[in-house]
Amino acid sequence: MSSFEIESLLTEDRRFPPPAHVAEGSVAQPELYRQAREDAQGFWADRAREHVTWATPFTQTLDWSQAPVARWFADGELNVAWNCLDRHVEAGLGDRIAIRWEGEPGDVRTITYAELTADVQRAANALADLGIGQGDRVAIYLPLVPEAVVAMLAVARLGAVHSVVFGGFSAQSLHDRILDAGAKLVITADGGWRKGKVFALKPAVDEALALLDADGANTVEHVLVVRRGENDVAWDDARDLWWHDSINAAAPTHEAQAFEAENPLFILYTSGTTGKPKGILHTSGGYLVQAAFTHKNVFDLKPEQDVYWCTADIGWITGHSYVVYGPLANAATVFLYEGTPDTPHPGRWWELIERHGVTILYTAPTAIRSFMKTGREIPQGFDLTSLRILGSVGEPINPEAWVWYRDVIGGERAPIVDTWWQTETGAIMVSAMPGLTTLKPGSAQVPVPGVRIDILTEDGTRVDPPNGGLLAITEPWPSMLRGIWGDPERFLETYWSKFSDPDAGKWVYFAGDGAHVDEDGDIWLLGRVDDVMNVSGHRLSTTEIESTLVSNSAVAEAAVVGASDETTGQAVVAYVIVKQSHRAEHSDAEFSELFRQHVAKEIGAIARPRQVYIVSELPKTRSGKIMRRLLRDVAEGRPIGDTTTLADPAVMKLIEEISAR
Ligand code: WTA
């Protein structure tokens, strides 16, 4: 074993072939893989014609002459919003429900494709009246209300660029993002509903703009304010406008103009776990093609009958590609929920699925593990038989959480697609196809047809399966990022410097994730490379040890880090959440010892944690990813670093106290 490979210690033998009821009518067909293998560009050109209606057909599929900035379908023209709306109405689908939305207080809205098209046309006129046109940047800072979708599509319709900032971010974060993008307009709300209360949004916008004024760098001309929370807000008559007033004053119809395929569609900031957020830039044609294609095939979408729910906020890439663009391009019925999973009761999601007849659920492992913590009795109190496809995204899903998801939520009927991708990739890159693939719990499985993934050693050689290494994307793909806004150097450095050889015309994208490829060619994600531990010269994955801990029936969730150790270089330190139903069985000290032994027994003494701390919460980003960096600080006795991206900063205080005992 050479120093750069990542050892894989976990074995997982459970297999789940596609159930007959999904295999029979499968949207995805094996033919896709065959065609993509023979001619990837021809494959994407066909998908581009199948999933998108072009105002001007493209003649060139890929222009890679300015690598690593790709131009896909570059001489084609389209309007992204028209593809998501008007064309469905013109095809006779105007009465189909586009969005069914439930607010946290229980208010429900149903919007057909005809209505959504009309709303977006008016909104586009309202934005144009405020001087928004092609290339202008618009910041969107909204709760998850239908207006958020309308706003995104209205911006897209004008060929302008949206930058959605998650409503949970602070005034300072909003300031940084408005500044970086030079936004001309901000669309916000008075407030939204969360955890049974109205949380105000407009004050954060006011504060962000005051900071920009202080910088002497305020590019924002207007603030459009959606009324949702009905909380009192401060008002600047010269700058602030109510959304409903502007909409009512705008002309009702708007003819969509076509833009070139490479017209920028959005910037989305990704902070990772450290450093200044990067403004990831996506453009129109290639993005829409891959978002629509993957949405249709990976979720086996039958738009005439499915009710599709992706629980992500529109502030994340998952909300862009799989709440808005992919589903609406496919004329799907999208369910949206404004609030938190546990308000006003812990069964809220399951109640929503039952009430709205949700058939496809796409969510994150962090949510699944939190439901495991509170126990299966809660979902079992609801009728979830409408569900036929389940999806997972955002982190590796531990096999035990996968099986729980399948059994408890999917009633052992619904296949799970574990989808690997990133803000930067724009759309799903690795996944099973539910009607075709025999599933392995914990594996994301195979590259999407037309996508080329390799697992490489540190020096760029492909590993011999079965083996672990670094996940790399070795051919351009349609929905790939086109750059980091305003920072071409960082774009090259972050993603393209590790494995590429520009002189030889070789460009390889480094994703920053470790992965194992098994004898069948299936891919198992091992976590971020920055989190890999080196114990006595063995490179161990955080994911595998965490999965082993979660395979203990008492464990709901676990995070593992490598802390410096005099004898072994690094030692494994684990933070574990015990399921509520098991809490009374042992003391914390007994649990700790049990879990140390459990890991040693399941994967070997090398992985046995030096310490196991029993905690009640783990530090997570606002999108639900565990922030191991902070746990490493605690494990090594350092003051904890930057906690501004934490969803709940109080969590670290508790963990510090427990570790100090
Ligand atoms: C992780 C979310 C394992 C991974 C769409 C990636 C995953 C990062 C999976 C991107 C998965 C996402 N299995 N790991 N199915 N999906 N990741 O930009 O580390 O928020 O690099 O995009 O999440 O996170 P991002």
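The values are calculated or read from the model by the stated rules, or taken from the named source; none is laboratory data. Just so it is clear, the model here is predicted, and its values are computed rather than measured. Reconstructed Cβ throughout: ideal geometry from the backbone, glycine too, with neighbour counts over all protein chains shown. All accessible areas refer to the heavy atoms of the entire protein, side chains included, with ligands and DNA or RNA removed. Shrake-Rupley method; radii C 1.70, N 1.55, O 1.52, S 1.80 Å.
Things to note:
- Here the mean projected area of the convex hull built on the C-alpha positions of region 491-599 is 10.3 nm².
- The heavy atoms of T568 present about 40 square angstrom of accessible area, all protein chains included, probe 1.4 Å.
- Distant alpha-carbon pairs in the chain (separation over 48 angstrom), percent: 10
- Simple Cβ-charge dipole of region 164-262, Lys/Arg +1 and Asp/Glu -1, about Cα centre, in debye nearest 20: 560
- Its Cα gyration tensor gives region 1-159 an equivalent ellipsoid, and the semi-axes of that ellipsoid, as √(5λ) in whole Å with the largest first, are 35, 26, 21.
- Calculated [222 nm] ellipticity per residue, helices only, for the chain: -8000 deg cm²/dmol; basis is -39500 (n - 2.57) per DSSP H run with n ≥ 4, divided by all residues, nearest 500.
- Hits among lysines - C-alpha to C-alpha of K184 under 24 Å, sequence gap 8 or more where chains match: K202, K276, K278
- Most positive-pole-ward Cα, S541, P303, A558, against dipole of the chain from beta carbon charges: A558
- When the Cα positions of I317, Q597, H356 are compared along the charge dipole of the chain, Q597 comes out farthest toward the positive end, with charges on each C-beta of Lys, Arg, Asp and Glu.
- Charge dipole (Cα centre; +1 on Lys/Arg Cβ, -1 on Asp/Glu Cβ; no other charges) of the chain amounts to roughly 740 debye.
- D588 sits with roughly 60 Å² accessible to a 1.4 Å probe, with DNA, RNA and ligands left out of the calculation.
- Accessible surface of L10 - all protein chains present, 1.4 Å probe, nearest 10 Å²: 50
- Each Lys and Arg Cβ is given +1 and each Asp and Glu Cβ -1; about its Cα centre, region 506-612 then shows a dipole of about 200 debye.
- Normalised contact order of the chain, rounded percent, pairs of Cα under 8 Å and 6 or more residues apart: 14
- Percentage relative contact order, region 309-404, counting C-alpha pairs under 8 Å, at least six apart: 28
- As an equivalent ellipsoid, region 410-519 spans semi-axes of 28, 17, 11 angstrom, where each value is the square root of five times an eigenvalue of the C-alpha gyration tensor, largest first.
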